[in-house]
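Student: Handing you a structure now.
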Amino acid sequence: MNIRVLVIINPTSGKGNIKNYIREIKQNLEEQNMQVNIQLTKKDYNARNVVIDNIEETDLILVCGGDGTFNETISALMELNAKEISIAYIPMGTTNDLAKSLDMPIKDISITKRLLQSKAKILDVGKFNNDKYFCYVAAFGVITDVSYKTSQKAKNKYGRLAYYMKAIKELIRIPTYKLKIAFDEEELEGEFIYGGISNSESIAGFKWFRREDIDLADGKFEAIFIRKPKKLSGYFRLLSDFRHKDYMINRDFVYFKANKITIITEKNVDWTIDGEYAGNMNFVEIENCNKAIELAVCEKEEINEKEK
């Protein structure tokens, strides 16, 4: 029986060029004896809805879009408890953080020619307050709203530069948040300008961790909370320690790994998950769903070898 592939395409991802390759994608998959169902997302019909409507006739999902589109797809599979469905991914977004952590090729349509030769990668997924899911990060605080507050028009025109332009404006005024954080059997309190619970080497286009320090399927998140420095020199030290990934030597960084994390804030805080707005709230419970999805990955070096 032919493999039934649901191809989910976000026509606005990146600079919108994916629309020019729909016929090529379909042809490449059909040449591998795949039964192809192509669906384009719309503002009122996102990837989550596409998956829910087509899950009964699907063996494999190919996502062509950015981190937000991938998140919507994963969220649907988690809600449906459809662990038997594998996912392939052509990252077409602006930052593509998850793809960078997995050394996946970016915006490379040619992987559809050899989709059946992909390697399976098992990944953890984060559960956010029992009603949302994230693939690589849940965060609040300074600069975390840049991705969803930057217009699609600006992203298509300027690419990552659009994020940096927006970030500079956000840095003019940095608010602090009073938190209570509980993880494993520990608790701590303090005032912070940023908090991120992640399962990724790259967040918001920046490399936060050394590759050897993280495992995307170990059942634990990397959590970083940043205090507001008391002096200007403290900001320079933050940047230096961030560059060297020395989070344990600076008191303005709180860094730990955990399976389950509860965060209570004095006032409501805007949260993002995988770069998209998740809501304004003062209580968040995050839990790691260990080895929840199977991702079909065609790595960069594999492509390079086959193209020679």
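Nothing in this text is a laboratory measurement; each read-out follows from the coordinates by a stated rule. Quick caveat: nothing in here was measured; it's all calculated off a predicted structure. Positions of Cβ are generated from backbone atoms using ideal geometry, with glycine treated the same way; all protein chains shown enter the neighbour counts.
Student: Using a simple spin-label model with points 7 Å from Cα along the Cα→Cβ vector, what separation in nm is obtained for Lys119 and Asn2?
Tutor: If labels sit at Lys119 and Asn2, their model points lie 3.0 nm apart.
Student: For the range 1-141, what is the largest minus smallest coordinate of the Cα atoms on each principal axis, given in angstrom and ordered from greatest to least?
Tutor: Sorted from largest, the Cα extents of the range 1-141 read 45, 32, 32 Å.
Student: Here are some values of mean projected area of the Cα convex hull in nm²: [x] 18.5; [y] 16.2; [z] 24.7. Which one was computed from this structure?
Tutor: After the calculation, the listed value that fits is [y].
Student: Just add up the charged neighbours of Lys19: K/R +1, D/E -1, any other residue whose Cβ is under 14 Å from the Cβ of Lys19.
Tutor: Details: positive: Lys15, Arg23, Lys26, Lys42, Lys107; negative: Glu24.
Charge balance in the 14 Å sphere: +4.
Student: Same structure again: Counting each DSSP H run of 4 or more residues in the chain as -39500 (n - 2.57), what helix-only mean residue ellipticity at 222 nm follows after dividing by all residues, to the nearest 500 deg cm²/dmol?
Tutor: After summing the helix terms and dividing by the residues of the chain, the value is -7000 deg cm²/dmol.
Student: Also, quick follow-up: Indicate, rounded to the nearest 5 percent, the antiparallel portion of the DSSP beta bridges found entirely in the chain.
Tutor: If I count the DSSP bridges inside the chain, around 75 percent turn out antiparallel.
Student: Cross-link partners among aspartates and glutamates for Lys230, C-alpha distance below 18 Å, same-chain residues fewer than 8 apart left out?
Tutor: Leaving aside aspartates and glutamates fewer than 8 places away in the same chain, those within reach of Lys230 are Glu189, Glu191, Asp241, Asp252.
Student: Where in the chain lies the longest segment free of GluC sites (Glu not before Pro) that are both loop residues by DSSP (not H, G, I, E, B) and have at most 14 other Cβ atoms within 10 Å?
Tutor: Answer from the scan: 186-308.
Student: Here's something else I'd like to know. Could you please report the charge total around Arg227, scoring K, R as +1 and D, E as -1 over all other residues with beta-carbon less than 13 angstrom from its beta-carbon? All intermediate terms of the calculation are to be shown ahead of the outcome.
Tutor: Details: positive: Lys178, Lys228, Lys230, Lys231, Arg237, Arg251; negative: Glu189, Glu191, Asp241, Asp252.
Neighbourhood net charge equals +2.
Student: What's the local net charge at Asn49, with K and R +1, D and E -1, over the other residues with C-beta under 10 Å away?
Tutor: Values: positive: Lys42, Arg48; negative: Asp44, Asp53, Glu72.
Here the charged neighbours net out to -1.
Student: What is the calculated FRET efficiency for Asp59 to Asp218, with r their C-beta to C-beta distance and R₀ = 25 Å, to the nearest 0.05? Can you show the working numbers first?
Tutor: Working: r = 28 Å, r/R0 = 1.13.
Computed FRET efficiency for Asp59 and Asp218: 0.35.
Student: Right, something else. Can you give the percent of C-alpha pairs in the range 197-308 whose distance is more than 17 Å? Provide the component values of the computation, followed by the final result.
Tutor: On the way: 4186 of 6216 pairs.
So the pairs more than 17 Å apart make up 67 percent of the total in the range 197-308.
Student: Quick one: check the C-alpha center-to-center distance for the range 206-232 versus the range 54-122, whole angstrom.
Tutor: For the range 206-232 versus the range 54-122, the Cα centre distance is 24 Å.
Student: Same structure again: Which links in Lys113/Lys291; Lys180/Lys231; Lys83/Lys291; Lys100/Lys260; Lys178/Lys267; Lys207/Lys245 stretch past 18 Å when you go from one Cα to the other? Kindly include the intermediate steps, with their values, before the conclusion.
Tutor: On the way: Lys113/Lys291 27 Å; Lys180/Lys231 24 Å; Lys83/Lys291 10 Å; Lys100/Lys260 25 Å; Lys178/Lys267 8 Å; Lys207/Lys245 9 Å.
Checking Cα-Cα distances, Lys113/Lys291; Lys180/Lys231; Lys100/Lys260 exceed 18 Å.
Student: So if I place +1 on the C-beta of Lys and Arg and -1 on the C-beta of Asp and Glu, and nothing else carries charge, what would the dipole magnitude of the chain be about its Cα centre? I want it in debye, nearest 20. Walk me through the numbers before you get to the answer.
Tutor: Numbers: 46 positive and 46 negative charges, 318 e Å.
Around 1520 debye, computed over the chain.
Student: Under a crude label model (7 Å from the Cα following the beta-carbon direction), how far is Glu187 from Asn49 in nanometres?
Tutor: It is 4.3 nm.
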